[in-house]
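The structure appears below as C-alpha cells.
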Amino acid sequence: MNGREFVAEMSATLWDLLSVRDTALEGVKEAAGRADIPQLLRGALRAEMDAAEIAALWMPSTPEVEARIALARQAGDEARHYMLVEARLAELGADLVGFAPHSGERSKLFRYLSALGSTVERVAAGQFTREAIGYKANQLFIAFCEEAGDQATARIYLEQIQPDEKHHHEWGKRLLEQLATTAEAQAKARKAIITTLDLAEELRSVAAGHLLVETLPGC
C-alpha cells in the first residue's frame, strides 16, 4: 500500500481504539464531585513539559525540513500550553513554588520516545499518535471541567489547546503519508504507533488510579 493508504488504515485503527475512552464520560458526574482540578493541572504541566522537550530533542537530528519545522512549531505550542496551564493554576491559588515538572524519574513513554532515531518513527509515535491521545484526553477533561463547574479551565482547553493538538496530529498525518511509503518504513511506523499507545495507556492507568479519575488532561 502507498503512504496515504497506510495512514488511512492506521488512522481508522487509532481513533477506533481511542473511542474506548468515551466510556469515561459515564463516570464524569460522580468524578466531578471529588474534583481536584489543581492536582490534575499539575499533571498537565508535566505532560506539556514532556511533549515540549521531546519535540525540541528531536528537532536538531531530524533531516527533513518540513518535519523539523513541525517539531519546532510543536515545541513552541507545548511551551505555550504550559504557560496557559500555569497561569490558570495561579488563578486557582495553587502554589507552584519549588514545583519542577521534569524532576524525578522520567516515564517509560518519555524514555521510549527520546530514544527513537528515525523520522518516520518519531512522526508516527509523536505527532500522529501521542497528539491524538492528547486530543481525546482533553475532550474528556473538558467535559469533566464543565461538570465540575470550572468553565474557565474548560475554555482554555477548548479554545486554545485543542486547536493546536488537532493541528499537530493533522500535520503528523501528512508527514507520515510522505515518509511511510515502503514496507520497512510502514513496519517501523506501525510498531511505533502500537508501542506509544501501550505505554501511554499504562501511564494513564497509573495516574488515574492515583487520582481516582479517568478524565486526565493530555498534552
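Computed quantities for the displayed model
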{"item": "Computed FRET value (nearest 0.05) for Ala90 with Ser205, which takes r as the C-beta separation and R₀ as 25 Å", "result": "0.25"}
{"item": "Too-long pairs where the Cα-Cα distance tops 24 Å, listed order kept, from Lys136/Lys191; Lys29/Lys108; Lys108/Lys136", "result": "Lys29/Lys108"}
{"item": "Peptide ranges 155-166, 138-149, 14-25 listed from the most packed, as the mean C-beta count within 10 angstrom indicates", "result": "138-149, 155-166, 14-25"}
{"item": "Within the chain: Cβ-based charge dipole about Cα centre, in debye rounded to nearest 20 (Lys, Arg +1; Asp, Glu -1)", "result": "460 debye"}
{"item": "Folded to 0 to 90 degrees: helix 131-148 orientation relative to the chain principal axis, Cα", "result": "20 degrees"}
{"item": "The chain - mean residue ellipticity at 222 nm from DSSP helices (-39,500 (n - 2.57) per run, n ≥ 4, rounded to 500)", "result": "-23000 deg cm²/dmol"}
{"item": "Among 181-191, 67-77, the order from most to least packed when residues are scored by Cβ within 10 Å on average", "result": "67-77, 181-191"}
{"item": "Pairwise label distance in nanometres, Arg111 with Gln160, each label 7 Å out on the Cα-Cβ vector", "result": "3.4 nm"}
{"item": "Listed residues Gly134, Gly126, Gly43, most fluctuating in the chain (Gaussian network, C-alpha, under 10 Å)", "result": "Gly43"}
{"item": "Rel. contact order, % - alpha carbon contacts under 8 angstrom, at least six apart, segment 91-215", "result": "36 percent"}
{"item": "Label-point separation in nm, Glu5 to Ser61, each point 7 Å along Cα→Cβ", "result": "3.3 nm"}
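None of the figures in this text is laboratory data; all of them are computed from the coordinates on show. Because the structure is predicted, anything quoted here is derived from the model rather than measured. Methodologically, a virtual Cβ is constructed for each residue, glycine included, from the backbone with ideal geometry; neighbour enumeration extends over all protein chains shown.
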